[in-house]
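Participant: Got a structure for you, written out below as structure tokens; questions coming shortly.
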Amino acid sequence: MKRIFIYLLASISLWNLSCSDFLETDNLTKKDSSNFPVSPEDATQSLYGAYSIMLAFDAAVHPFMIGEILSDNRFGGGGQNDQIPQAMNVFKVTSDSQLGGTWSTLYKGIFRCNMLLASLDQITEWDSNEQKNKILGEAHFLRAHYYFTMAQLWGTVPLVINPTPQNNPKATPEELYGQIFYDLKTAIEVLPSVQQPASELGRATKWATEALMARAYLFYDGYYHQNARKEVRLVDESTVTANQVIAWLTDCIQNSGHQLTDDFRN
């Protein structure tokens, strides 16, 4: 009986030990949502992760290539193993998951944008408010870019704007474009009107956002015939009007420092 009591006492002691904070330690090697991002450098690293999705597509099912092959611009595939480009060239499919990788890759980019946007407020030691706004604007640009790419490929898709797991139905065109225009409008408002330094070439700018806004606005109006020339209601109940889009595009043309080539063939 005494031995049973000792065993019972030892078990209780071990149970109390396991329930104490003694065995709970911070993970010092792995970054997760509890310890990342906590600095502007972390936020920049997270932003680069969202950008890297642009390089993650298989060439045969890259969104740009899909659009080119389905158009009259080019033929699709010339080799024996070019099954997917050849199929798209004649509007056929090779499997039920032919574009599954493209779908997953785009949502991976959206998830990374959502994670960054949801965690920016936990960073308190910004070098400046402009530094925070630049990362904020680029993250909104990327999320809009990825969703607009999906809209061009599939018409409309489930709308996910936070990093929590969810299983949403397909959004309506009004809901999807309301989010796209909201992200672009936010980016236009917070990104600086300055020329991009050489070290940041390839990152989104205010003028790139203004150009994408015009492209998405024309696509929405032309494809869905929503009479978008009046106004489009955004997810935050604000609106975007045709006059605003024209003003943004004019700013891009006049102040971005970019221009069209004299001969398009070049």
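Participant: Carbon-plus-sulfur fraction of the accessible area of the stretch 96-163, 1.4 Å probe, in percent?
Facilitator: Roughly 50 percent, rounded to a whole number.
Participant: Let's test the formula: R0 of 51 Å, r as the Cβ-Cβ distance of Gln80 and Gln259. What FRET efficiency results, to the nearest 0.05?
Facilitator: With a Förster radius of 51 Å, E is 0.75.
Participant: A follow-up question, please. So if I place +1 on the C-beta of Lys and Arg and -1 on the C-beta of Asp and Glu, and nothing else carries charge, what would the dipole magnitude of the chain be about its Cα centre? I want it in debye, nearest 20.
Facilitator: The dipole magnitude comes to about 680 debye.
Participant: For Leu99, tell me the accessible area in Å² from a 1.4 Å probe, rounded to the nearest 10.
Facilitator: That residue has around 40 Å² of solvent-accessible surface.
Participant: State the answer as a single residue: which of Tyr223, Gln259, Ile246 lies farthest towards the positive end of the charge dipole of the stretch 222-266, with beta carbon charges of +1 for Lys and Arg and -1 for Asp and Glu, about the Cα centre.
Facilitator: The residue sitting most towards the positive pole is Tyr223.
Participant: While we're here: Rank these by accessible area, largest first, 1.4 Å probe: Asp262, Asp42, Asp121.
Facilitator: Asp262, Asp121, Asp42
Participant: Alpha carbon centre of the stretch 134-186 versus the stretch 56-82: separation in Å?
Facilitator: So the two Cα centres are separated by 24 Å.
Participant: Now, a different point. Just the accessible area for Met54, please: 1.4 Å probe, Å², rounded to the nearest 10?
Facilitator: Estimated to the nearest 10 Å², Met54 gives 70 Å².
Participant: Another question, then. Let's test the formula: R0 of 30 Å, r as the Cβ-Cβ distance of Leu55 and Asp121. What FRET efficiency results, to the nearest 0.05?
Facilitator: On the way: r = 29 Å, r/R0 = 0.96.
Result of the calculation: an efficiency of 0.55.
Participant: Might you report the magnitude of the Cβ-based charge dipole of the stretch 109-219 about its Cα centre, with Lys and Arg at +1 and Asp and Glu at -1, to the nearest 20 debye?
Facilitator: For the stretch 109-219, the charge dipole is close to 300 debye.
Participant: Next question, about the same structure. Taking only Cα atoms and a 10 Å spring cutoff, compute GNM fluctuations for the chain and point out the largest among Ile66, Ile135, Ile53.
Facilitator: Ile66
Participant: Still on this structure, please answer the following. Between helix 206-224 and the chain, what is the angle of the helix's C-alpha long axis to the longest principal axis, kept within 0 to 90° and rounded to the nearest 10?
Facilitator: The helix 206-224 is inclined about 70 degrees to the chain.
Participant: So with the 1.4 Å probe, I'd like the accessible area per residue for the chain, rounded to whole Å².
Facilitator: 63
Participant: Would you mind computing, in nm to one decimal, how far apart the modelled labels at Gln195 and Asp72 are, each placed 7 Å from Cα along Cα→Cβ?
Facilitator: Once both label points are built, they end up 4.0 nm from each other.
Participant: Looking only at GluC sites (Glu not before Pro) in DSSP loops with at most 11 other Cβ atoms within 10 Å, what is the longest site-free stretch of the chain? The partial results should precede the final answer.
Facilitator: On the way: sites that count: Glu24, Glu125, Glu237.
Value returned for the longest uninterrupted segment is 126-236.
Participant: Can you flag which of Lys134/Lys185; Lys185/Lys206; Lys170/Lys206; Lys132/Lys206; Lys108/Lys206; Lys108/Lys185 are past 19 Å Cα-Cα?
Facilitator: Where the Cα-Cα span goes over 19 Å, the pairs concerned are Lys170/Lys206; Lys108/Lys206; Lys108/Lys185.
Participant: Using the C-alpha atoms of the chain, what convex hull volume per residue, in cubic angstrom, is computed? List each step's numbers first, then the result.
Facilitator: On the way: hull volume 62.7 nm³, N = 266.
Cα convex hull per residue, to the nearest whole number: 236 Å³.
Participant: Moving to a separate point now. Report relative contact order for the chain in percent, whole number only (criteria: Cα-Cα under 8 Å, sequence separation at least 6). Numbers along the way, then the final one.
Facilitator: Numbers: 271 pairs, mean separation 37.8, N = 266.
The normalised contact order for the chain reaches 14 percent.
Participant: Please report, as a whole percent, how much of the solvent-accessible surface of the stretch 221-263 comes from carbon and sulfur atoms (probe radius 1.4 Å).
Facilitator: 49
Participant: Provide the descending list of Cα extents for the stretch 153-266 along its principal axes, expressed in whole angstroms.
Facilitator: Principal extents (Cα only, largest first): 45, 33, 31 Å.
Participant: Find the Rg to Rh ratio for the stretch 154-206, where Rh is the Kirkwood radius over alpha-carbon pairs and Rg uses the same atoms.
Facilitator: 1.12
Participant: Grab the Cα-Cα distance for Asn129 and Asp96, subtract it from 0.36 nm times how many residues apart they are, and report the gain in nm with one decimal.
Facilitator: 7.2 nm
Participant: So how strong a dipole does the stretch 58-108 carry about its Cα centre when Lys and Arg Cβ are +1 and Asp and Glu Cβ are -1, to the nearest 20 debye? Can you show the working numbers first?
Facilitator: Working: 3 positive and 5 negative charges, 13 e Å.
Computed charge dipole of the stretch 58-108: roughly 60 debye.
Participant: Tell me, what is the FRET efficiency for Thr250 and Arg203 to the nearest 0.05, using R0 = 35 angstrom and their Cβ-Cβ distance as r?
Facilitator: Once rounded, the FRET efficiency stands at 0.95.
Participant: Still on this model: Rank these residues by their accessible area, most exposed first, probe 1.4 Å: Thr209, Thr241. Don't skip to the answer; put the middle values down first.
Facilitator: Values: Thr209 0, Thr241 35 Å².
Listed by decreasing accessible area, they come as Thr241, Thr209.
Participant: Here's something else I'd like to know. Taking the Cα atoms only, what angle lies between the long axis of helix 173-190 and the longest principal axis of the chain, rounded to 10 degrees?
Facilitator: In the chain, helix 173-190 runs at an angle near 90 degrees to the longest axis.
Participant: On to the next question. Mind checking which of Gln98, Ala60, Thr164 is farthest towards the positive end of the chain's charge dipole, using Cβ charges of +1 (Lys, Arg) and -1 (Asp, Glu) about the Cα centre?
Facilitator: Gln98
The values are calculated or read from the model by the stated rules, or taken from the named source; none is laboratory data. Everything numeric in this text was worked out from a predicted model, so none of it was measured. Note that each Cβ is placed from the backbone with ideal geometry, even for glycine, and that neighbours are counted across all protein chains shown. Ligands, DNA and RNA are stripped out before the accessible areas are found, and what is left, the full protein with its side chains, is counted by its heavy atoms. Shrake-Rupley method; radii C 1.70, N 1.55, O 1.52, S 1.80 Å.
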